[in-house]
Amino acid sequence: MTRNAVLPLVLSLILGAVAIAGCGGSSTGGSTSAATGAAGSTQAEVRATATGDIPDNQVFLTYADATSGYAIRYPEGWTRQGSGATVAFVDKDNAIHVTVVAGATPTAASAQAALARLRSSEPSLRVTAAPQIVALAHGHAVKVAYSLVGAPNAVTGKRPLLLVDRYVYAHGGKIATVDLATPKGVDNVDAYRMISRSFAWR
(Lines give C-alpha, C1' and ligand atoms only; values in the text may rest on other atoms or scores of the structure.)
Protein backbone atom coordinates (compact mmCIF):
# COMPACT_ATOMS: atom_id res chain seq x y z
CA MET A 1 0.00 0.00 0.00
CA THR A 2 1.38 3.40 -0.93
CA ARG A 3 1.78 6.29 1.46
CA ASN A 4 -0.95 8.20 -0.39
CA ALA A 5 -3.38 5.34 0.08
CA VAL A 6 -2.61 5.05 3.77
CA LEU A 7 -3.18 8.70 4.68
CA PRO A 8 -7.01 8.56 4.67
CA LEU A 9 -6.73 5.42 6.82
CA VAL A 10 -4.58 7.34 9.30
CA LEU A 11 -7.26 9.95 9.76
CA SER A 12 -10.13 7.49 10.01
CA LEU A 13 -8.24 5.48 12.61
CA ILE A 14 -7.68 8.55 14.76
CA LEU A 15 -11.36 9.38 14.65
CA GLY A 16 -12.38 5.78 15.23
CA ALA A 17 -10.04 5.48 18.20
CA VAL A 18 -11.41 8.65 19.75
CA ALA A 19 -14.98 7.48 19.24
CA ILE A 20 -14.25 4.14 20.91
CA ALA A 21 -12.53 5.88 23.79
CA GLY A 22 -15.68 7.91 24.36
CA CYS A 23 -17.90 4.86 24.73
CA GLY A 24 -17.33 4.75 28.48
CA GLY A 25 -16.68 1.06 29.02
CA SER A 26 -13.29 0.07 27.70
CA SER A 27 -10.80 2.37 29.39
CA THR A 28 -8.17 -0.07 30.57
CA GLY A 29 -6.17 2.21 32.75
CA GLY A 30 -6.71 5.91 32.13
CA SER A 31 -8.98 6.35 35.15
CA THR A 32 -6.70 4.32 37.39
CA SER A 33 -3.67 6.35 36.36
CA ALA A 34 -5.50 9.60 37.09
CA ALA A 35 -6.74 8.35 40.43
CA THR A 36 -3.26 7.25 41.48
CA GLY A 37 -1.94 10.77 41.19
CA ALA A 38 -5.04 12.45 42.59
CA ALA A 39 -4.20 12.01 46.27
CA GLY A 40 -1.38 14.53 46.19
CA SER A 41 -2.88 16.80 43.53
CA THR A 42 -4.71 20.07 43.81
CA GLN A 43 -8.39 20.22 42.90
CA ALA A 44 -7.43 22.10 39.74
CA GLU A 45 -5.15 19.24 38.68
CA VAL A 46 -7.91 16.71 39.35
CA ARG A 47 -10.36 18.68 37.21
CA ALA A 48 -7.77 18.99 34.45
CA THR A 49 -7.23 15.24 34.44
CA ALA A 50 -10.97 14.66 34.19
CA THR A 51 -11.18 16.82 31.06
CA GLY A 52 -8.31 15.04 29.33
CA ASP A 53 -5.22 17.01 30.35
CA ILE A 54 -2.19 14.76 30.85
CA PRO A 55 -1.14 15.46 34.46
CA ASP A 56 2.35 16.68 35.33
CA ASN A 57 3.02 13.50 37.33
CA GLN A 58 1.96 11.18 34.50
CA VAL A 59 4.05 8.02 34.10
CA PHE A 60 5.14 7.22 30.53
CA LEU A 61 5.94 3.82 29.04
CA THR A 62 7.81 2.92 25.85
CA TYR A 63 6.14 1.02 23.01
CA ALA A 64 8.68 -0.66 20.72
CA ASP A 65 7.83 -2.52 17.54
CA ALA A 66 10.59 -4.67 16.10
CA THR A 67 8.82 -5.34 12.79
CA SER A 68 8.33 -1.70 11.83
CA GLY A 69 11.51 -0.73 13.65
CA TYR A 70 10.57 2.14 15.93
CA ALA A 71 9.91 3.05 19.54
CA ILE A 72 7.78 5.80 21.06
CA ARG A 73 6.67 6.81 24.55
CA TYR A 74 3.01 6.97 25.59
CA PRO A 75 1.10 7.68 28.82
CA GLU A 76 0.62 4.72 31.12
CA GLY A 77 -3.02 3.68 31.30
CA TRP A 78 -3.97 4.70 27.78
CA THR A 79 -5.70 2.00 25.73
CA ARG A 80 -3.64 0.54 22.90
CA GLN A 81 -5.36 -0.42 19.65
CA GLY A 82 -3.61 -2.21 16.81
CA SER A 83 0.08 -3.04 16.64
CA GLY A 84 3.10 -2.84 14.41
CA ALA A 85 2.72 -0.57 11.40
CA THR A 86 -0.59 0.86 12.62
CA VAL A 87 -1.10 1.47 16.32
CA ALA A 88 -3.04 3.98 18.42
CA PHE A 89 -3.07 4.90 22.10
CA VAL A 90 -6.28 6.56 23.29
CA ASP A 91 -7.71 8.09 26.43
CA LYS A 92 -10.89 10.17 26.60
CA ASP A 93 -10.74 12.28 23.40
CA ASN A 94 -6.94 12.14 23.20
CA ALA A 95 -5.17 9.93 20.68
CA ILE A 96 -1.64 9.09 19.60
CA HIS A 97 -1.67 7.35 16.23
CA VAL A 98 1.38 5.90 14.49
CA THR A 99 1.50 4.55 10.94
CA VAL A 100 4.62 3.25 9.19
CA VAL A 101 4.78 2.71 5.42
CA ALA A 102 7.40 2.58 2.71
CA GLY A 103 8.11 5.92 1.11
CA ALA A 104 10.51 8.67 0.12
CA THR A 105 11.87 11.25 2.53
CA PRO A 106 9.05 13.68 3.37
CA THR A 107 9.23 17.39 2.73
CA ALA A 108 7.14 20.36 3.81
CA ALA A 109 5.49 20.26 0.39
CA SER A 110 4.63 16.55 0.61
CA ALA A 111 3.15 17.02 4.10
CA GLN A 112 1.02 19.89 2.82
CA ALA A 113 -0.13 17.81 -0.15
CA ALA A 114 -1.05 14.89 2.11
CA LEU A 115 -3.34 17.09 4.20
CA ALA A 116 -4.88 18.56 1.05
CA ARG A 117 -5.81 15.03 -0.03
CA LEU A 118 -7.25 14.29 3.41
CA ARG A 119 -9.37 17.40 3.26
CA SER A 120 -11.15 16.06 0.16
CA SER A 121 -12.72 13.37 2.36
CA GLU A 122 -12.74 15.39 5.62
CA PRO A 123 -13.96 18.90 4.73
CA SER A 124 -13.71 20.06 8.35
CA LEU A 125 -9.91 19.73 8.22
CA ARG A 126 -8.03 23.03 8.52
CA VAL A 127 -4.26 23.47 8.51
CA THR A 128 -3.44 25.58 11.57
CA ALA A 129 0.36 25.71 11.25
CA ALA A 130 2.26 25.34 8.00
CA PRO A 131 4.64 22.39 7.58
CA GLN A 132 8.19 22.96 8.75
CA ILE A 133 11.33 20.92 9.30
CA VAL A 134 12.05 20.47 13.01
CA ALA A 135 15.14 19.10 14.73
CA LEU A 136 14.40 16.43 17.34
CA ALA A 137 16.51 14.33 19.67
CA HIS A 138 16.71 11.44 17.19
CA GLY A 139 16.89 13.38 13.92
CA HIS A 140 14.68 15.64 11.87
CA ALA A 141 10.97 15.47 11.09
CA VAL A 142 8.35 17.42 9.21
CA LYS A 143 5.82 18.96 11.58
CA VAL A 144 2.41 20.31 10.59
CA ALA A 145 -0.64 21.15 12.70
CA TYR A 146 -4.27 20.85 11.73
CA SER A 147 -7.75 20.69 13.21
CA LEU A 148 -10.86 18.72 12.34
CA VAL A 149 -14.20 17.75 13.80
CA GLY A 150 -13.99 14.40 15.58
CA ALA A 151 -16.39 11.49 15.63
CA PRO A 152 -19.58 11.92 17.69
CA ASN A 153 -19.48 10.86 21.33
CA ALA A 154 -21.42 7.61 21.76
CA VAL A 155 -23.32 9.03 24.76
CA THR A 156 -23.80 12.75 24.08
CA GLY A 157 -23.59 12.80 20.30
CA LYS A 158 -21.34 15.86 20.50
CA ARG A 159 -18.42 16.09 18.08
CA PRO A 160 -15.25 17.60 19.57
CA LEU A 161 -12.95 19.88 17.64
CA LEU A 162 -9.65 18.02 17.58
CA LEU A 163 -6.30 19.79 17.38
CA VAL A 164 -3.65 17.57 15.84
CA ASP A 165 0.13 17.87 15.68
CA ARG A 166 1.49 15.64 12.93
CA TYR A 167 5.14 14.58 12.78
CA VAL A 168 6.51 12.72 9.76
CA TYR A 169 9.79 10.84 10.28
CA ALA A 170 11.90 9.02 7.67
CA HIS A 171 14.58 6.37 7.79
CA GLY A 172 15.84 3.71 5.41
CA GLY A 173 12.97 4.00 2.92
CA LYS A 174 10.31 4.02 5.65
CA ILE A 175 7.97 6.84 6.65
CA ALA A 176 6.40 7.09 10.09
CA THR A 177 3.47 9.45 10.55
CA VAL A 178 2.63 10.29 14.17
CA ASP A 179 -0.61 12.18 14.82
CA LEU A 180 -1.08 13.59 18.33
CA ALA A 181 -4.73 14.57 18.73
CA THR A 182 -6.38 16.38 21.61
CA PRO A 183 -9.71 18.23 21.91
CA LYS A 184 -9.71 22.02 21.85
CA GLY A 185 -9.39 23.43 25.35
CA VAL A 186 -7.21 20.59 26.64
CA ASP A 187 -3.57 21.45 27.28
CA ASN A 188 -1.27 18.56 26.37
CA VAL A 189 1.38 20.67 24.62
CA ASP A 190 4.31 19.74 26.86
CA ALA A 191 3.45 16.03 27.02
CA TYR A 192 2.93 15.79 23.27
CA ARG A 193 6.20 17.62 22.61
CA MET A 194 8.00 15.05 24.77
CA ILE A 195 6.26 12.19 22.95
CA SER A 196 7.21 13.58 19.55
CA ARG A 197 10.84 13.85 20.64
CA SER A 198 10.81 10.31 22.01
CA PHE A 199 10.15 8.71 18.62
CA ALA A 200 13.22 6.76 17.50
CA TRP A 201 13.99 4.31 14.72
CA ARG A 202 15.50 1.00 15.77
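The values are calculated or read from the model by the stated rules, or taken from the named source; none is laboratory data. Predicted, not measured: the structure shown is a model, and the values here were computed from it. Reconstructed Cβ throughout: ideal geometry from the backbone, glycine too, with neighbour counts over all protein chains shown.
Among residues belonging to region 41-74 that are among the hydrophobic types (A, V, I, L, M, F, W, C) and at pLDDT below 90, point out the one that is farthest from THR177 (Cα to Cα). Looking at the filtered set, the residue picked out is ALA44.
Can you tell me which residue in region 50-74 is surrounded by the most Cβ atoms within 10 Å (Cβ to Cβ), limited to those that are among the aliphatic types (A, V, I, L, M) and within 20 Å of LEU162 (Cα to Cα)? Explain how you work it out, then say what you get.
Of region 50-74, the ones among the aliphatic types (A, V, I, L, M) are 50, 54, 59, 61, 64, 66, 71-72.
Among the residues that remain, those that are also within 20 Å of LEU162 (Cα to Cα) are: 50, 54.
On the way: ALA50: 12, ILE54: 25.
Out of the qualifying residues, it is ILE54.
Do you know which residues across region 160-174 are buried (at least 16 other Cβ atoms within 10 Å of the Cβ) and either hydrophobic (A, V, I, L, M, F, W, C) or free of Cβ contacts under 8 Å to residues at least 24 places away in the same chain (or both)? Outline the logic, then answer.
Looking only at region 160-174, we keep the residues that are buried (at least 16 other Cβ atoms within 10 Å of the Cβ), and these are 160, 162-171, 174.
Result: LEU162, LEU163, VAL164, VAL168, ALA170.
The condition of being at pLDDT below 95 and closer than 20 Å to TYR70 by Cα holds for only one of GLY150, GLY172, that being GLY172. In region 90-102, the residues that are over 11 Å from PRO183 (Cβ atoms) and touching a residue at least 40 places away in the same chain (Cβ under 8 Å) form Cβ pairs under 8 Å with partners that are surrounded by fewer than 24 Cβ atoms within 10 Å (Cβ to Cβ) and basic (Lys, Arg), at six or more places apart or across chains, as follows: VAL100/LYS174; VAL101/ARG3; VAL101/LYS174; ALA102/ARG3; ALA102/LYS174.
Scanning region 130-159 for residues that are surrounded by 12 or more Cβ atoms within 10 Å (Cβ to Cβ), in a strand (DSSP E or B) and more than 16 Å from the chain's Cα centre (by Cα) yields a total of 7. Scanning region 75-104 for residues that are outside any strand (DSSP E or B), modelled with pLDDT of 90 or more and crowded, with 22+ Cβ neighbours inside 10 Å gives a single hit, TRP78.
Residue count for region 160-192 under the criterion of being assigned to a strand (DSSP E or B), among the charged types (D, E, K, R) and over 22 Å from GLY84 (Cβ atoms): the result is 1. In region 111-127, the residues that are crowded, with 16+ Cβ neighbours inside 10 Å form Cβ pairs under 8 Å with partners that are of a type in the set (D, E, K, R), at six or more places apart or across chains, as follows: ALA111/ARG166; ALA114/ARG3; LEU115/ARG166; LEU125/ARG119.
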